[in-house]
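Asks: Let me begin by handing over the structure; questions about it come next.
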Amino acid sequence: MQYKSTRGTGETVSPSYAILHGIAEDGGLFVPEEIPRLAKPLEELSALSYQQLAVEIMGKFLTDFTREELEACAKAAYDSKFDTPQIAPLAKCGDHYFLELFHGATLAFKDMALSILPHLLKCSAQKQKLDKKIVILTATSGDTGKAALEGFANVEGVEIIVFYPKDGVSPIQKRQMVTQKGDNTHVVAIEGNFDDAQRSVKEIFTDPAVAARMRDAGYMFSSANSINIGRLVPQVVYYFAAYFAMVEQKAVPMGAPIDFCVPTGNFGNILAAYYAKGMGLPVGKLLCASNSNNVLTDFFQTGEYNANREFYLTMSPSMDILVSSNLERLIYEICGRDGGAVADLMGQLSQQGQYKVNAPELPQIFYGGYASEEETAAAIREVYAQAGYVMDPHTAVAWCVKEKYLAASSSAATAVVISTASPYKFPQSILSALGEPAMGESEQTMVDRISALSHTPVPASVKEVLSAPVRHRLECGRDGALQAVESILGL
Ligand SMILES: *Cc1c(COP(=O)(O)O)cnc(C)c1O
């Protein structure tokens with residue numbers, strides 16, 4: 001299996017090259033030449049543990065890794081850092097199914113990929129005979145930052161630098177990052193929103209002059225954002241795990257399609273579901289759920305992508321994104337895998353903030369919907385009243401979009417809501433939604449109240465960050481990312 005750039009003219013690279021470099025030199029994203037089909041029947045795969053399933057699925061994409069290497073990576077990643085041996089458990093509450101992807105060390109679905117990426121990257125560096133130090137440069141809308149810091153802390157031969165939007169993350173998300181341990185970790189608060197941070201980081205990545213100075217200093221950049229194919233591939237695994245859990249719980253017979261509703265920002269999570277379907281997983285619809293930053297809802301309804309709109313700070317900050325980078329990989333499919341056409345559209349996006357594709361060419365598998373802030377709060381209230389289940393705001397957005405879709409479509413398929421974060425990351429928003437607003441209480445008190453409401457213990461990692469000392473205080477202006485990187489690395 002080789003990889004191509006979404007903006008390229010056909011040159012290919014190996015999987016380990018794609019993981020190590022993160023992004024193509026032409027600014028495009030690496031995509032597999034074709035989506036691999038599963039050779040084994042679903043019944044056989046359904047008997048595997050999560051780790052074994054990961055090896056089976058990743059092996060189809062990462063063909064220059066040996067089975068032993070993938071086994072070692074999966075074993076090191078999916079261990080007791082997760083608070084359940086199932087790794088990605090399926091919860092049934094009333095008539096609703098939630099795939100809980102927040103049982104890892106940092107309490108968001110980013111752990112599913114970022115606990116294995118450092119191992120894949122180390123392997124890739126050996127295969128590529130890398131003689132430089134890797135600098136992981138990452139922009140975060142809240143959860144990627146902490147998950148990447150945790151994954152790469154104290155990994156030999158790696159420095160990690162995370163930029164988070166100064167006023168765009170929840171207080172617990174911020175605490176998680178600024179208390180991070182590890183001498184190779186660097187955290188910077190940047191002025192502006194996530195889109196600004198992501199743009200700055202992408203510019204640094206693709207600047208040839210910066211690359212040359214990095215080379216001279218013995219460094220190279222890689223990415224822990226979902227533009228890295230090494231993030232996407234591990235995410236395909238849990239869609240299979242979810243499907244098998246649904247069959248086991250007798251929610252569907254083996255082979256019948258199910259729908260997934262995915263709270264979406266950068267389009268990485270839902271794209272992994274699309275790849276899972278391409279591999280042969282029985283998927284009906286993929287419901288792309290947005291908050292008030294509903295650029296993707298409009299895109300799936302009209303074919304027009306228009307980022308020229310007001311940016312809202314919402315209670316689901318990890319989805320406060322207007323320039324959704326992984327959509328480029330879907331656009332590549334829509335354009336018939338024509339790199340020139342993709343480069344054209346992405347040029348229009350960066351210059352005019354918008355582009356349009358022919359609506360009839362949009363894959364019918366996708367449905368776009370969104371939830372306003374009021375609807376999100378009402379969803380949290382409703383599911384709690386119905387089933388005693390406390391959803392985090394991102395999950396609530398997805399639940400709400402699923403309900404809207406069911407009402408509009410008369411679909412008979414069973415839908416699984418992808419639950420991307422633990423409610424403990426957003427106690428304040430949840431307490432307000434439940435009509436018990438926190439009045440100047442400490443984070444500790446709020447977290448204890450979530451525990452009482454949900455009848456679940458406060459996760460150990462939350463206790464830890466609430467009392468840990470602040471270790472990172474760097475800040476930079478909107479255009480200061482490059483300077484910050486230079487000063488951290490001593491370039
Ligand atoms: C990152 C994130 C999302 C969005 O996922 P994408 O892959 O960027 O679409 C949704 N919810 C939470 C909690 C997240 O951390």
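The values are calculated or read from the model by the stated rules, or taken from the named source; none is laboratory data. Since the structure is predicted, the reported quantities are computational estimates derived from the model, not experimental observations. Please note: Cβ atoms are built from the backbone with ideal geometry, for glycine as well, and neighbour counts cover all protein chains shown. To get the accessible areas, we keep the full protein, side chains included, count just its heavy atoms, and leave off ligands, DNA and RNA. Shrake-Rupley method; radii C 1.70, N 1.55, O 1.52, S 1.80 Å.
Asks: Longer than 32 Å from Cα to Cα, which of 92/166; 75/132; 146/402; 166/285; 202/425 are they? Say none if no pair is.
Replies: Over 32 Å apart, Cα to Cα: 92/166; 166/285.
Asks: Pop out the carbon and sulfur fraction of the accessible area of the chain as a percent, whole number, probe 1.4 Å.
Replies: So the carbon and sulfur contribution to the accessible surface is 49 percent.
Asks: So for the range 46-95, taking the charge dipole from beta-carbon charges (+1 Lys/Arg, -1 Asp/Glu), which of 53, 86, 65 sits furthest toward the positive end?
Replies: Sorting the options by dipole projection puts first 86.
Asks: If you line up the Cα atoms of the range 1-145 on their principal axes, what length do they span on each, largest first, in Å?
Replies: Its Cα atoms span 50, 37, 29 Å along the three principal axes.
Asks: Counting only DSSP beta bridges with both residues in the range 80-189, what percent are antiparallel, rounded to the nearest 5? Provide the component values of the computation, followed by the final result.
Replies: On the way: 4 of 15 bridges.
Of those bridges, close to 25 percent are antiparallel.
Asks: Compute the Rg to Rh ratio over the range 104-181 from the alpha carbon atoms, using the Kirkwood formula for Rh, and round to two decimal places. The partial results should precede the final answer.
Replies: Details: Rg = 12.9 Å, Rh = 13.0 Å.
Result for the range 104-181 is an Rg/Rh of 1.00.
Asks: When DSSP beta bridges are limited to those with both residues in the chain, what percentage is antiparallel, rounded to the nearest 5? All intermediate terms of the calculation are to be shown ahead of the outcome.
Replies: Working: 13 of 50 bridges.
Looking only at bridges with both residues in the chain, the antiparallel portion is about 25 percent.
Asks: Quick one: if you take sqrt(5λ) for each eigenvalue of the C-alpha gyration tensor of the range 243-392, what semi-axes come out, biggest first, whole angstrom?
Replies: Semi-axis lengths for the range 243-392 are 28, 23, 11 Å.
Asks: Moving on. Of 122/463; 40/127; 4/127; 122/181, which ones are farther than 24 Å apart at the Cα?
Replies: Working: 122/463 31 Å; 40/127 28 Å; 4/127 19 Å; 122/181 20 Å.
Pairs exceeding 24 Å: 122/463; 40/127.
Asks: With the alpha-carbon atoms as the only input, what is the per residue convex hull volume for the range 249-323 in Å³?
Replies: Considering the Cα atoms of the range 249-323, their hull volume per residue is 107 Å³.
Asks: Could you quote the convex hull projected area for the range 192-315, Cα atoms only and averaged over all directions, in nm²?
Replies: That works out to 10.8 nm², a quarter of the Cα hull's surface.
Asks: Quote the accessible area belonging to residue 344 in square angstrom, nearest 10, computed with a 1.4 Å probe and with ligands, DNA and RNA left uncounted.
Replies: 100
Asks: Counting heavy atoms of the protein chains only and a 1.4 Å probe, report the per residue accessible area for the chain as a whole number of Å².
Replies: So the chain comes to 37 Å² accessible per residue, rounded to a whole number.
Asks: For the chain, what is the largest minus smallest coordinate of the Cα atoms on each principal axis, given in angstrom and ordered from greatest to least?
Replies: 60, 51, 47
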